[in-house]
Each structure stands twice: as structure tokens, then as C-alpha cells.
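A.B. asks: Quick one: the structure is below, and I'll ask about it shortly.
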Amino acid sequence: MKCLVTGATGFIGRFLLRNILDTTEAKIYCLVRSDSQLKAFARIREKMIKANLWKEEDALRIVACPGDLALPRLGLSPADYARICDDVDSIYHNGTSMNHLESYASAKRANVDGVQELLRVATQRKAKTFNYVSTLDVFANFKSQSEPEKIDEKSSIDQELHHERDGYATSKWVGEMLVNIAKSRGVSCNIFRLGLVVGDRRHGRYDEKQRLHRMM
């Protein structure tokens with residue numbers, strides 16, 4: 001088994017990568033924003049060590065792929081792109097641009113165009129399962145309601161409304177809609193919607209970039 005993981009150097013991504021390493025025997029390609037494979041691998045290792053998640057044997061199963069979600073063909077070299085299309089069995093798309101001050105136009109390249117590029121990968125050479133890490137922010141929070149809205153895994157987002165200025169939420173909503181379209185066309189897709197992730201309650205690990213941590 002071989003898989004592609006995006007966002008492995010982010011806070012949630014580090015734990016996702018550790019979980020895949022621990023629960024499977026998969027070879028893992030990690031898309032990392034970098035200009036070389038050496039630097040990309042060093043970045044993964046550094047982030048994992050910082051979170052006390054690294055094991056030296058992980059180096060035998062992780063393949064760092066320098067690229068960028070916001071670029072055509074994920075910014076991958078032709079060789080890496082072809083290898084991923086040929087080898088990968090599943091995709092875990094956790095990478096995202098999470099700047100709550102940016103507009104939709106600014107967030108679109110990574111959060112929408114990146115989804116499109118990965119869905120192309122999912123359907124090239126051989127069929128791949130596409131696992132998309134979304135957010136509860138796809139449900140608009142500015143609607144006026146007398147009763148709290150009940151949301152579960154089957155809740156539709158088709159009628160949700162988002163402002164262009166709310167770049168993160170709006171771009172994640174569009175990205176999830178693209179995944180739903182792909183699913184309706186026969187692509188194997190799973191969507192996982194996360195709420196606010198503050199930190200690790202077991203060991204006190206936290207995301208140094210998270211706004212709540214900065215406020216505290």
C-alpha cells in the first residue's frame with residue numbers, strides 16, 4: 001500500500017502521519033512546500049521531533065515530495081507527479097491555507113485549486129481513494145435561527161451561504177463541494193470535518209500558530 005499525504009508538517013498533519021505510520025505498513029509520499037527533497041524531508045523530521053512523534057525507522061517509509069498545493073500539478077517535478085499517479089492507492093488531503101484574515105481570492109489557489117489538482121491525481125493511471133479533511137466552518141455561522149441547527153455527518157452543505165471576505169471558510173466549502181461532485185461521479189471519497197483543534201490533552205502538545213494559544 002502507498003499513500004499521499006498533504007499537510008504533514010502542520011499540527012494536525014503530524015498526528016495524521018503518525019497514525020498512518022502506526023496503523024499501516026504503507027509507504028507514504030508527503031507533499032511539502034520546499035524547493036528540494038532534502039529540505040522537505042528535513043522539515044517533516046523537524047516537525048515530528050518537535051512534537052515527540054518521530055521514530056528513526058520512519059525514514060524508511062516516508063518519501064518527501066517538494067511541491068505546493070497552490071501551483072499547477074501541485075508544483076511537483078514531472079518524475080514525482082508520474083510516480084505518485086502510478087504508485088499511490090489513497091490520498092489524505094489535510095493541507096490547507098488557514099489564514100482567517102485572507103479573502104476567498106487569496107485562499108482559493110491552495111484550498112480550491114489544490115483540491116482540483118489532487119482529484120485529478122486521484123483519477124489518473126489508477127483509481128485512488130480521496131480522503132478530504134474539511135472543517136465545521138463549511139456550515140455558515142451567521143444565519144439567524146431560533147433553534148440551534150443540528151449537524152451530523154450526513155448534513156448537506158448545498159444551501160450554505162458564505163461571504164467572499166471569509167476566505168478560509170468559503171474556500172473549504174467550495175473544496176468540499178468539489179469532493180461531493182467527484183463522489184457523485186464515482187470517485188471513492190471520504191470527508192472528515194474537524195472542529196476547533198486547540199491541542200493535545202494527553203501530552204500538552206499544542207499548535208504554536210493557533211489563535212487561542214497566541215491569545216493565552
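A.B. asks: Restricting attention to segment 76-108, report how many residues are aromatic (Phe, Trp, Tyr) and surrounded by fewer than 21 Cβ atoms within 10 Å (Cβ to Cβ). Please lay out each step first, then the result.
C.D. replies: First pass over segment 76-108, keeping only residues aromatic (Phe, Trp, Tyr): 81, 92, 104.
Restricting the remaining residues to those that are surrounded by fewer than 21 Cβ atoms within 10 Å (Cβ to Cβ) gives 81, 104.
Number of matching residues: 2.
A.B. asks: Taking the options THR6, THR24, name whichever one is polar (S, T, N, Q), within 28 Å of VAL198 (Cα to Cα) and in contact with a helix residue (DSSP H, G or I) (Cβ under 9 Å, 6 or more places away or on another chain).
C.D. replies: THR6
A.B. asks: State whether one or more residues within segment 149-166 are in a helix (DSSP H, G or I) and either out of contact with any Cys (no Cβ under 6 Å at 6 or more places or on another chain) or modelled with pLDDT under 90 (or both).
C.D. replies: Checked against the condition, which is being in a helix (DSSP H, G or I) and either out of contact with any Cys (no Cβ under 6 Å at 6 or more places or on another chain) or modelled with pLDDT under 90 (or both), segment 149-166 yields no hits at all.
A.B. asks: Let me ask something else about it. Kindly indicate which of VAL138, VAL197, VAL187, VAL179 is in contact with a Lys or Arg (Cβ under 7 Å, 6 or more places away or on another chain) and either surrounded by 14 or more Cβ atoms within 10 Å (Cβ to Cβ) or at pLDDT below 70 (or both).
C.D. replies: Just one listed residue meets the conditions, VAL138.
A.B. asks: Also, quick follow-up: Is it the case that LEU38 is within 14 Å of the chain's Cα centre (by Cα) and part of a helix (DSSP H, G or I)?
C.D. replies: no
A.B. asks: Identify all residues within segment 1-60 that are over 27 Å from ALA82 (Cβ atoms) and polar (S, T, N, Q); write none if there are none.
C.D. replies: Within segment 1-60, ASN19, THR23, ASN52 qualify.
A.B. asks: While we're looking at this one, here's another question. Please specify each residue of segment 1-35 satisfying the condition of being of a type outside the set (Ser, Thr, Tyr) and assigned to a helix (DSSP H, G or I).
C.D. replies: In the first step, residues of segment 1-35 are kept if they are of a type outside the set (Ser, Thr, Tyr); the result is 1-5, 7-8, 10-22, 25-28, 30-33, 35.
Residues satisfying the conditions are PHE11, ILE12, GLY13, ARG14, PHE15, LEU16, LEU17, ARG18, ASN19, ILE20, LEU21, ASP22.
A.B. asks: Could you give every pair whose Cβ atoms fall below 9 Å, whose first residue belongs to segment 38-55 and is without any contact (Cβ under 8 Å) to a residue 24 or more places away in the chain, and whose second residue is β-branched (Val, Ile, Thr) and surrounded by 14 or more Cβ atoms within 10 Å (Cβ to Cβ), counting only separations of at least 6 or pairs across chains?
C.D. replies: Hits for this filter: PHE41/VAL32; PHE41/ILE62; PHE41/VAL63; ARG45/ILE62; GLU46/THR9; TRP54/ILE44.
A.B. asks: Would you check if there is a residue in segment 64-75 being at pLDDT 95 or above, of a type outside the set (Phe, Trp, Tyr) and closer than 26 Å to ARG202 by Cα?
C.D. replies: no
A.B. asks: Find the residue count for segment 22-53, including only residues that are open to solvent by 10 Å² or more (accessible area, probe 1.4 Å) and either under 22 Å from TYR132 (Cβ atoms) or among the aromatic types (Phe, Trp, Tyr) (or both).
C.D. replies: Residues meeting the conditions: 8.
A.B. asks: Quick check: anything in segment 109-127 of a type in the set (A, V, I, L, M), under 15 Å from THR9 (Cα atoms), touching a strand residue (DSSP E or B) at 6+ places or on another chain (Cβ under 7 Å) and open to solvent by less than 30 Å² (accessible area, probe 1.4 Å)?
C.D. replies: So in segment 109-127, the residues of a type in the set (A, V, I, L, M) come out as 110, 112, 115, 118-119, 121-122, 127.
Pick out the ones that are also under 15 Å from THR9 (Cα atoms) and you get none.
Taking every residue of segment 109-127 in turn, none turns out to be of a type in the set (A, V, I, L, M), under 15 Å from THR9 (Cα atoms), touching a strand residue (DSSP E or B) at 6+ places or on another chain (Cβ under 7 Å) and open to solvent by less than 30 Å² (accessible area, probe 1.4 Å).
A.B. asks: Condition (residue is in a helix (DSSP H, G or I), open to solvent by less than 60 Å² (accessible area, probe 1.4 Å) and more than 27 Å from VAL138 (Cβ to Cβ)) applied to segment 58-75: is it met by at least one residue?
C.D. replies: To start, the set of residues in segment 58-75 that are in a helix (DSSP H, G or I) comprises 58-60, 72-75.
Filter once more, keeping what is open to solvent by less than 60 Å² (accessible area, probe 1.4 Å): 58-59, 74-75.
Filter once more, so that each one left must be more than 27 Å from VAL138 (Cβ to Cβ): 58-59.
There is at least one residue in segment 58-75 that is in a helix (DSSP H, G or I), open to solvent by less than 60 Å² (accessible area, probe 1.4 Å) and more than 27 Å from VAL138 (Cβ to Cβ).
The values are calculated or read from the model by the stated rules, or taken from the named source; none is laboratory data. Being a predicted model, the structure only gives us computed values, none of them experimental. Cβ coordinates were reconstructed from backbone atoms using ideal geometry, including for glycine residues, and neighbour counts include every protein chain displayed. These area figures cover heavy atoms from the full protein model, side chains too; ligands, DNA and RNA do not enter into them. Shrake-Rupley method; radii C 1.70, N 1.55, O 1.52, S 1.80 Å.
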